[in-house]
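For reference, the structure discussed in these notes is given below.
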Amino acid sequence: MRTKTFASLTLFLALTGALHAQAPQTRPAPTQPPPVQPPSVVPPFTPDFEIPKPDGAPALRPATPPVLTEGYVIGPEDNLSIIVTDEAVLTGKYRVDTDGTISMPYLSRVVLAGLSLAEAQVKVASLLKAGFLRNPQVRIEVDQFKARSVIVSGEVRTPGKLTLPGTTISLLEALAMAGSPTINASNEVIVIHPPKPGEVSPEPITINRRELELGRAGRDITLQDGDIVNVPVAKRFYISGFVKNPGSYVLDTGTTVSQAIILAGGLSERGTDRRIKVSREVSGRTVDVSVDLDDKLKPNDEIKIRSRFF
């Protein structure tokens, strides 16, 4: 009995070993680290709009144009700044009196009017060297210019005396400061330069205002202290009869009869450009003068446009 039991147990163990040997051995899979995700690429920020930036650093513009002192001639009522190196008593502000002199320590009265800044420096240095200082170093600058002005008269909005921001001003700037010409202003601007002592009075300069505003004329005209600018009342002509817009018009120099008809809107349906007459003052009398289309008009001419025959 024991022998059968032992044999059965031995058979069971043998079968179990065989089954264990045939079963595939499975090993746990090694733990893999999670894949590394590449960082997401963030697109660069693009603004909805861009504020334009000027090239380079912004330049500050002075409120008034700088005054050029090269070649400037000292005049009465100028305020000068005189610097004498290592001489505090002599260094200071000096006003040029109406007689053209300044009052300076050691030197009393010194005439500087009529001299350039360079000439004045040499003169003061020479006077100081003559009996006071061994080797004076002198520098003279204009601390404040005399109140210089020009007169703008005639058909401008604010006629009168204009104080110059410096020693000179352009003609166009002067007209702008005077408020610009009125609607009754002529297209001509007259500039008068007062003569200097001992000189003959120069001829007045006439400039076409439209050419001046377009930059085609008057660029070389610089106004100085005492100059006079006059904007006269516009000369006019009249046109009546068979034109679309009869009336009064500003007469520019060289305006022809043909141009006048164009200014008046052209001929009406019944108008003709033949047998045109102009009422003109001749020797104190108003007479009718026959004219051609290319003839130039004179102030106060009245063009009479006739009706054409059907």
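Tabulated values for the structure
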item	result
Index of the failed condition, VAL191 passing every other in (1) surrounded by 17 or more Cβ atoms within 10 Å (Cβ to Cβ); (2) in a helix (DSSP H, G or I)	(2)
Strands (runs of 3 or more DSSP E) wholly inside segment 110-184 that include at least 3 residues being under 25 Å from ASP97 (Cα atoms), in contact with a strand residue (DSSP E or B) (Cβ under 9 Å, 6 or more places away or on another chain) and in contact (Cβ under 8 Å) with a residue 60 or more places away in the chain	138-144, 149-154
Members of segment 103-125 that are within 16 Å of ILE74 (Cβ to Cβ) and among the hydroxyl-bearing types (Ser, Thr, Tyr)	SER103, SER116
Members of segment 237-250 found to be aliphatic (A, V, I, L, M) and at pLDDT 90 or above, listed by number	ILE239, VAL243
Filter result (of a type in the set (D, E, K, R), touching a residue at least 24 places away in the same chain (Cβ under 8 Å) and within 18 Å of PRO202 (Cβ to Cβ)) within segment 213-232	ASP225, ASP227
Evaluation of PRO202 against (1) in contact with a Phe, Trp or Tyr (Cβ under 7 Å, 6 or more places away or on another chain); (2) modelled with pLDDT of 85 or more (one fails), failing number	(1)
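The values are calculated or read from the model by the stated rules, or taken from the named source; none is laboratory data. The model shown is predicted, which means the values in this text are computed figures rather than measured ones. When we count neighbours, we look across all protein chains shown, and the Cβ atoms used for this are built from the backbone with ideal geometry, even at glycine.
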